[in-house]
Amino acid sequence: MRRVIIAITGASGVIYGIRALELLRQIDDVESHAIITPSAFRTALAEVDYTPDQIKMLADQLYNHKDIGAAISSGSFQTNGMLVAPCSIKTLSAIANCFNEELTARAADVCLKERRRVVLMLRETPFHAGHIRLMDQATQAGAIVMPPVPGFYTRPKTLDDIIDQTVGRALDLLDIHLPAVKRWTGSGVS
């Protein structure tokens, strides 16, 4: 069984983390381990038609954001890596500076020290120099900064098309490949 950690923070774009959990439920050999911050639930009230309980039910295992002793806080807990979707600047800062006061930053730090992938779907713009320094620090530590910037070569017809393609590409980085992801072939998409 492959394990993937999904953290949903309070930045705009909680649908990315929600959709990641939904897509992972469709894969038989993947188990999702989720952290959903209180700020994420607050943002969800404004952005999506999911209740907090509906969001919580999408994860195979849900952890309290303050539980730094959770299973995913240990390097001995095997995972394919972690996706933070969306990733707030606060969370980026905690990860870049190894400030492990909460479980999202602790789990990311553990993945990085174990040389596992950590994908940060950074959802704040525009960036100032401090944000760019934090992205550089996180990248140097091994994280992958992947703002959810859509590729239009797929000719999306709906917002869901854009979300699914973006989340699918983020999961690609964790070696979770979804058949619905459209791939560039050199002369178009397949």
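Since every read-out is calculated from the coordinates, none of them should be taken as a lab result. A quick note: this is a predicted structure, and the numbers were derived from the prediction, not measured. For neighbour counting, all protein chains shown are included, and Cβ atoms are generated from backbone atoms with ideal geometry for every residue, glycine included.
Couple of notes before you dig in:
- Residue match in the stretch 103-119 (condition: surrounded by 15 or more Cβ atoms within 10 Å (Cβ to Cβ) and under 15 Å from S12 (Cβ atoms)): no
- Index of the failed condition, A34 passing every other in (1) over 13 Å from the mean Cα position of the chain (by Cα); (2) more than 14 Å from S88 (Cα to Cα): (1)
- Tally, over the stretch 1-32, of residues that are over 23 Å from I162 (Cβ atoms) and either in contact with a Ser or Thr (Cβ under 7 Å, 6 or more places away or on another chain) or of a type in the set (V, I, T) (or both): 2
- Note on the stretch 1-80: enclosed helices (runs of 4 or more DSSP H) holding 3 or more residues that are closer than 22 Å to E101 by Cα are 38-47.
- Test: residue in the stretch 26-43 that is surrounded by 14 or more Cβ atoms within 10 Å (Cβ to Cβ), farther than 27 Å from H131 by Cα, among the polar types (S, T, N, Q) and out of contact with any Gly (no Cβ under 7 Å at 6 or more places or on another chain): yes
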